[in-house]
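Colleague: Take this structure first; my questions come after.
The values are calculated or read from the model by the stated rules, or taken from the named source; none is laboratory data. The structure presented is a predicted model; accordingly, all values stated were derived computationally and were not measured. Using ideal geometry, Cβ is built from the backbone for each residue, glycine included, and neighbour counts are taken over all protein chains shown.
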């Protein structure tokens, strides 16, 4: 009975995932395979999302990282990186698992390049659309 009470007190019935480890560590476990993309006539890294990472999809996911200044169409969207700009996936050759596309619920404040911020949003996994990141946070909020 004591264990049931502990589980009940630690439960959240909203479907949220409480991370027992760093979000970047979870994303880093995803394996990537280089595949040829016919329409682009280039090779791209495609993720394989196993059941462990898929368990986080559709749930709250929190990441602390560096704001990357990118020219994006939507003012509610940013790119968050595990690493600073000089070491990021685009510039320094880090893994695709080190960047996340973030869609805020409301327009976020202006950030400075490499500003460290913490964001919570609903995790979406993308293994097909090369126009978007493999990891996307929807309905995101800035955590202060």
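Results for (1) in contact with a strand residue (DSSP E or B) (Cβ under 6 Å, 6 or more places away or on another chain); (2) within 30 Å of residue 40 (Cα to Cα); (3) part of a strand (DSSP E or B); (4) at pLDDT below 95, shown as yes or no for each residue.
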site	(1), (2), (3), (4)
64	yes, no, yes, no
74	no, yes, no, yes
109	no, no, no, yes
114	yes, no, no, yes
136	yes, yes, yes, no
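Colleague: For residues that are assigned to a strand (DSSP E or B) and touching a helix residue (DSSP H, G or I) at 6+ places or on another chain (Cβ under 7 Å), tally how many sit in segment 76-90.
Modeller: Initially, segment 76-90 is screened for residues assigned to a strand (DSSP E or B), giving 77-81.
Then keep just the ones that are touching a helix residue (DSSP H, G or I) at 6+ places or on another chain (Cβ under 7 Å); that gives 81.
Result for segment 76-90: 1.
Colleague: Okay, moving on. Can you tell me which residues in segment 61-79 are in contact (Cβ under 8 Å) with a residue 40 or more places away in the chain and within 16 Å of residue 134 (Cβ to Cβ)? If you could, list the steps in order and put the result at the bottom.
Modeller: Let us first name the residues in segment 61-79 that are in contact (Cβ under 8 Å) with a residue 40 or more places away in the chain, namely 61-69, 79.
Passing the criteria: 61, 63, 65, 68, 79.
Colleague: Another question about this same structure. Which pairs have Cβ atoms under 8 Å, sit 6 or more apart or on different chains, and link a residue in segment 128-141 that is within 14 Å of residue 60 (Cβ to Cβ) to one that is loosely packed, with under 13 Cβ neighbours inside 10 Å?
Modeller: 139/105; 140/105; 141/105
Colleague: A further question on this structure: Can you tell me which residues in segment 40-60 are under 18 Å from residue 132 (Cα atoms), in a loop (DSSP other than H, G, I, E, B) and at pLDDT 90 or above?
Modeller: 41, 49, 57, 58
Colleague: Working only within segment 86-107, note down all residues that are free of Cβ contacts under 8 Å to residues at least 60 places away in the same chain, surrounded by 13 or more Cβ atoms within 10 Å (Cβ to Cβ) and touching a strand residue (DSSP E or B) at 6+ places or on another chain (Cβ under 6 Å).
Modeller: Correct list: 88, 89, 99, 101, 102, 103, 104.
Colleague: Looking only at segment 31-52, filter to residues that are touching a residue at least 60 places away in the same chain (Cβ under 8 Å) and touching a strand residue (DSSP E or B) at 6+ places or on another chain (Cβ under 7 Å); which one of those is surrounded by the most Cβ atoms within 10 Å (Cβ to Cβ)?
Modeller: Quick first cut of segment 31-52, residues touching a residue at least 60 places away in the same chain (Cβ under 8 Å) only: 32, 37, 40, 44, 46-49.
Adding the requirement that they be touching a strand residue (DSSP E or B) at 6+ places or on another chain (Cβ under 7 Å) leaves 32, 37, 44, 46-49.
Numbers: 32: 15, 37: 11, 44: 13, 46: 16, 47: 19, 48: 10, 49: 16.
The qualifying residue surrounded by the most Cβ atoms within 10 Å (Cβ to Cβ) is 47.
Colleague: Could you please let me know if residue 26 is crowded, with 17+ Cβ neighbours inside 10 Å, without any contact (Cβ under 8 Å) to a residue 40 or more places away in the chain and either outside any strand (DSSP E or B) or on the phi > 0 side of the Ramachandran plot (or both)?
Modeller: On the way: crowded, with 17+ Cβ neighbours inside 10 Å: yes; without any contact (Cβ under 8 Å) to a residue 40 or more places away in the chain: yes; either outside any strand (DSSP E or B) or on the phi > 0 side of the Ramachandran plot (or both): yes.
Taking the combined requirement at face value, the residue satisfies it.
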